[in-house]
Amino acid sequence: MGNKYTKRYSAEYRRDAIGLVRSSGRTVTEVARELGVSPESLRNWVRRDQADRGEGAPGELTSAEREELKHLRRQNREQQQTIEILKKATAFFVKENDR
């Protein structure tokens with residue numbers, strides 16, 4: 001996920017960084033600069049945290065909802081593929097029986 005230059009931060013590190021933004025009264029940019037994190041990354045973490053707390057923008061999904069949506073989309077794709085295979089198999093057997 002992400003390009004090879006993207007640093008991976010532990011969940012604990014992200015939680016601590018979000019906590020610093022929430023409690024310090026400083027801007028995301030200031031905290032990001034202090035921690036050596038990109039402001040965009042920290043802003044995304046804070047936004048996701050707000051959504052998970054139910055404080056996000058109207059209609060914004062929580063992390064759990066995003067995961068569920070990803071899972072349901074994958075499941076839907078697999079079921080569509082299964083349906084296509086079954087249609088082809090059915091057509092094949094109908095043709096075989098007509099001989």
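Of note:
- Counted residues, the stretch 53-69 - those being of a type in the set (Asp, Glu) and modelled with pLDDT of 90 or more: 3
- Residue count for the stretch 61-81, restricted to those that are over 12 Å from the mean Cα position of the chain (by Cα) and assigned to a loop (DSSP other than H, G, I, E, B): 0.
- With respect to the conditions (1) at pLDDT 95 or above; (2) among the aliphatic types (A, V, I, L, M); (3) surrounded by 12 or more Cβ atoms within 10 Å (Cβ to Cβ); (4) under 16 Å from the mean Cα position of the chain (by Cα), Ile18 falls short on a single one, namely (4).
- Some residue of the stretch 34-44 being surrounded by fewer than 16 Cβ atoms within 10 Å (Cβ to Cβ), in contact with an Asp or Glu (Cβ under 6 Å, 6 or more places away or on another chain) and closer than 20 Å to Ala11 by Cα: no
The values are calculated or read from the model by the stated rules, or taken from the named source; none is laboratory data. Nothing here was measured: the structure is a model prediction, and the numbers come from that model. For neighbour counting, all protein chains shown are included, and Cβ atoms are generated from backbone atoms with ideal geometry for every residue, glycine included.
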